[in-house]
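The values are calculated or read from the model by the stated rules, or taken from the named source; none is laboratory data. The model shown is predicted, which means the values in this text are computed figures rather than measured ones. Note that each Cβ is placed from the backbone with ideal geometry, even for glycine, and that neighbours are counted across all protein chains shown. For accessibility, only protein heavy atoms count, side chains too; no ligands or nucleic acids. Shrake-Rupley method; radii C 1.70, N 1.55, O 1.52, S 1.80 Å.
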Amino acid sequence: TRDFEPDPRSGVYAYAAGEWSAKGFGSSFDYLRLTLGARFYWSPFPKLADVRLAVRLGYSMQSAGVPFYAMN
């Protein structure tokens, strides 16, 4: 819902990403990872100044078996 994608003044950008690695697909590891995130944009004084407030929230969870080089 961002008003201008490259340089937003207001709106929300939400996303979800998932990763699944299984030995049945030829991987050496079995694990699952889910990442959720959201970015919020708000302009407190849209007519007075070109000021924006931005907040970014993120959450990631993963199962056991994640290789050490893929851990956060």
Could you state the accessible area per residue of the chain in Å², with a 1.4 Å probe and every protein chain left in place? 79
How much accessible surface area, in Å² rounded to 10, belongs to the heavy atoms of GLU5 with a 1.4 Å probe? 130
Ordering ARG33, ARG2, ARG9 from largest to smallest accessible area (1.4 angstrom probe), what's the sequence? ARG9, ARG2, ARG33
Distance in nm between PHE68 and ARG56 label points, each 7 Å along Cα→Cβ, equals 2.8
Distance in nm between pseudo-label sites at LYS47 and THR1 (7 Å out along the Cβ direction from Cα): 2.3
How big is the Kirkwood radius of the chain, worked out from every pair of different alpha carbons and given in Å to one decimal? 14.8
Considering only protein heavy atoms and a 1.4 Å probe, what is the carbon-and-sulfur percentage of the accessible area of the chain? 61
Whole-Hz Karplus ³J(HN,Hα) for the stretch 11-19, in order, using 6.51 cos²θ - 1.76 cosθ + 1.60 and θ = phi - 60°, x for Gly and Pro? x, 9, 10, 10, 8, 9, 9, x, 10
Please list the non-local residues whose amide H lies under 5 Å from the amide H of ARG52, H modeled 1.01 Å from N, same-chain partners needing a gap of 5 or more. none
About the Cα centre, and with charges only on the beta carbon of Lys, Arg (+1) and Asp, Glu (-1), how big is the dipole of the chain? Nearest 20 debye, please. 160
Given the candidates PRO8, LEU48, SER21, the one whose Cα lies deepest towards the positive end of the charge dipole of the chain, counting +1 at each Lys or Arg C-beta and -1 at each Asp or Glu C-beta, is LEU48
